[in-house]
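Asks: Questions regarding the structure given below will be posed in turn.
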Amino acid sequence: MNGETLPRASGPPLAALYREHRLGLVRLAVLLVGDPESAEDIVQDVFSRLHGKSADAPPLAYVRACVLNASRSVLRRRGVAARWAALVSGSSGGEAEDSAETVALLGESRQEMLAALARLPRRQREMLVLRYYLDLSDTDIAAVTGVRPSTVRSTVARALDRLHSELGGTA
């Protein structure tokens with residue numbers, strides 16, 4: 001449209017989207033999967049799959065939905081691996097401990113909030129992350145998750161009530 005050929009046009013808009021929103025997308029993935037390395041991989045995989053698909057960069061909501069779905073896949077694979085390891089070893093398959101560096105970097109209250117967030121059901125956790133960490137509106141969250149805005153509002157309200165009771169009114 002601006003005189004560029006199709007192959008050149010597919011790179012720069014996607015690259016600009018990557019430069020502008022990579023950090024926020026990585027933060028989203030970290031909050032969903034729990035570790036920065038996997039989050040970086042998820043975002044990189046999403047952008048590598050989007051590369052060359054279209055002459056235009058996809059909408060940010062679509063990219064967020066891709067990151068959300070890729071995060072779900074990582075969590076699903078982890079769950080299968082944990083169940084298999086527990087079955088093979090005969091143990092109950094407890095939670096993996098955070099590294100000493102991670103614990104030291106995060107403040108105690110933030111660590112407590114992230115732990116409480118991790119205990120929420122997947123949909124509630126996703127809605128809170130999209131609302132309060134990415135500052136998306138109900139309509140934007142509905143577009144990313146594929147539900148109605150009223151479902152977003154009720155899910156967020158239930159999640160906040162649960163966090164409030166778990167954290168003793170400090171949420």
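Asks: For Ala81 and Arg123, what does the FRET efficiency come to when R0 = 22 Å and r is the distance between their Cβ atoms, rounded to the nearest 0.05?
Replies: After rounding, the FRET efficiency stands at 0.50.
Asks: Now for a separate question. With θ taken as phi - 60° and the coefficients 6.51, -1.76 and 1.60, list the Karplus ³J(HN,Hα) couplings across region 150-166 in order, rounded to whole Hz; mark glycine and proline as x.
Replies: 5, 5, 4, 4, 5, 5, 5, 4, 5, 5, 5, 4, 5, 4, 4, 6, 5
Asks: Follow-up. Hey, can you grab everything whose amide H is under 5 Å from the amide H of Leu136? Only 5+ residues off in sequence or another chain; H modelled, so Pro and N-termini drop out.
Replies: Result for Leu136 returns Arg131.
Asks: Quick one: what are the phi-derived ³J(HN,Hα) couplings along region 48-54, Karplus 6.51/-1.76/1.60 with θ = phi - 60°, whole Hz, x for glycine and proline?
Replies: Here the 3J(HN,Hα) series is 5, 6, 7, 4, x, 6, 8 Hz.
Asks: Can I ask one more? Simple spin-label model, 7 Å along Cα-to-Cβ: Ser54 to Asp35 in nm?
Replies: Each label point lies 7 Å from its Cα, and together they span 3.3 nm.
Asks: Another question, then. Can you give the FRET efficiency to the nearest 0.05 for Leu167 and Ala15, using r as the Cβ-Cβ distance and R₀ = 41 Å?
Replies: 0.50
Asks: Could you give me the ³J(HN,Hα) list for region 125-132, computed from phi with Karplus coefficients 6.51, -1.76, 1.60 and θ = phi - 60°, whole Hz, x at Gly and Pro?
Replies: So the Karplus estimates, Gly and Pro as x, are 4, 4, 5, 5, 5, 5, 6, 9 Hz.
Rule-based calculations on the coordinates, nothing more; no lab input. For clarity, every value in this text was computed on a predicted model and none was experimentally measured. Glycine gets a Cβ as well: all are built from the backbone with ideal geometry, and neighbour counts include every protein chain shown.
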